[in-house]
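In what follows, a single structure is set out as structure tokens and then discussed.
The values are calculated or read from the model by the stated rules, or taken from the named source; none is laboratory data. Not measured: the values here are computed from a predicted model. Glycine also receives a Cβ, built like all others from the backbone with ideal geometry; neighbour counts cover every protein chain displayed.
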């Protein structure tokens, strides 16, 4: 007989865990750059949409059928034998959707660490592989009656089965891909590439925190007895405790180390605490949950710095540390802090060693299988987009979406010092630079009235992705100050058609650009113009324009100095 209470509880959990897809989408979009927002959203949508039929046809059978495999045919609902694993009173289809959303969570973790440089088609393929066999096989070991569960390995809601598997795949993928363009200086020093919208990131964290009560709490898969209700209450308390304590610890750590409390790291630490408590939320006391939160809160910033500075693995959202490192750590801590059987509670070392074995075996399985998948993709259809596509952003190059923020200007995107000019397609009819019209600078006629020295304004309109290279080139020739503004505009060609949105052609007649304004006096105008042309030139329409005009006077507000003196920033 089915239990209506248990079925409703499981379905509620499925709905909450599904909503975590929105949380992950918001987190990843907020912590990455605006030019890739549409791509991030599309990937978080498609890993669930690809994973749902894949898990139904293949994954669920591998994970939960009595033999651990699909038993004839493609429909496990018909041919599989699941009687031994179904929770009491819960129908098969209710349990299927509950497990489906957990599978999707594991798959979506990978997109964050590989963001901003992965081919969309390759993402779809490896997302399929995670849902089809990588997650289900290790999931069978842990939850489907496999060898780890028979040994007594405990992972209540998936610190290892879900999060560490996703984190391991994320780490391998990011390592094979390599860092984003501009992430590291020539000497290997990491550069900060800021996300474009911290509000989105914070919204994602709060959505995930809320949904985690379903992720952990509803994993009791029962609410029809006093024991089940007591267990669910404890799980809710422990889940919340670990996340809150982790935030406090990370805030204090970053405040002491960097002199300011780090907003982004503290937001991420909430997820670190949630991931860490997921394995043992039913077995530890609230004090144990607080200890797990303390460890996660300290481990997160240390781990992020280790992967960033030492291993040089570029993880835009910290998914490796949050899900991989803290998932494994939380599972191990369960072996120490479990009230019934934990090492610190007199249970001996046996349970802890089983936890270690389970983490190690699952990590090896995930690492080996995903490495094979990524290497096959890399050497066939390719795993990473081209440099030109990465600099322009995946929204426009992968999806034909001019911007995910239509009507709003957004911040420029950094490129490194030595980034070469993007290759020119043969169809672009590029104009060779040596065939272009020679620029002649007319002698100035408006000297500064106080010093007799001529001042000139040089205004440069350029593509957003080339601004950083222009800025550095200007500093190299002695320019000490400039003003940069996000602008929208077009030339005589009236922009260009960029693609389709909901089936309608998008006419991007106003394109985003950067307007750079420089007033020069000591540095020759011809040097500024020639340097700018060299940096910005690709030979295609849209390289930009340079405007040169005379300046009658400049007044420094603070001191009242005028002309040449007002342009000097150093104390006189």
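Taken over the range 369-401, residues that are without any contact (Cβ under 8 Å) to a residue 60 or more places away in the chain and not in a helix (DSSP H, G or I) amount to 3. From the list 360, 366, the lone residue that is in contact with a helix residue (DSSP H, G or I) (Cβ under 6 Å, 6 or more places away or on another chain) and assigned to a helix (DSSP H, G or I) is 366. Residue count for the range 1-10, restricted to those that are touching a helix residue (DSSP H, G or I) at 6+ places or on another chain (Cβ under 7 Å) and either surrounded by fewer than 18 Cβ atoms within 10 Å (Cβ to Cβ) or more than 18 Å from residue 102 (Cβ to Cβ) (or both): 0.
Those strands (runs of 3 or more DSSP E) of the range 479-572 in which at least 3 residues are at pLDDT below 85 and more than 13 Å from residue 456 (Cβ to Cβ), considering only elements entirely within it, cover 483-489, 496-501, 504-508, 511-520. Restricted to the range 470-487, and to residues there that are in contact (Cβ under 8 Å) with a residue 60 or more places away in the chain and touching a strand residue (DSSP E or B) at 6+ places or on another chain (Cβ under 8 Å), the residue that is surrounded by the most Cβ atoms within 10 Å (Cβ to Cβ) is 470. Among the conditions (1) at pLDDT 85 or above; (2) in a loop (DSSP other than H, G, I, E, B), residue 451 misses just one, which is (1).
Residues satisfying the criterion are present in the range 190-200 (criterion: touching a strand residue (DSSP E or B) at 6+ places or on another chain (Cβ under 8 Å) and either within 30 Å of residue 382 (Cβ to Cβ) or in the same structural domain as residue 59 (by TED's automatic domain parsing) (or both)).
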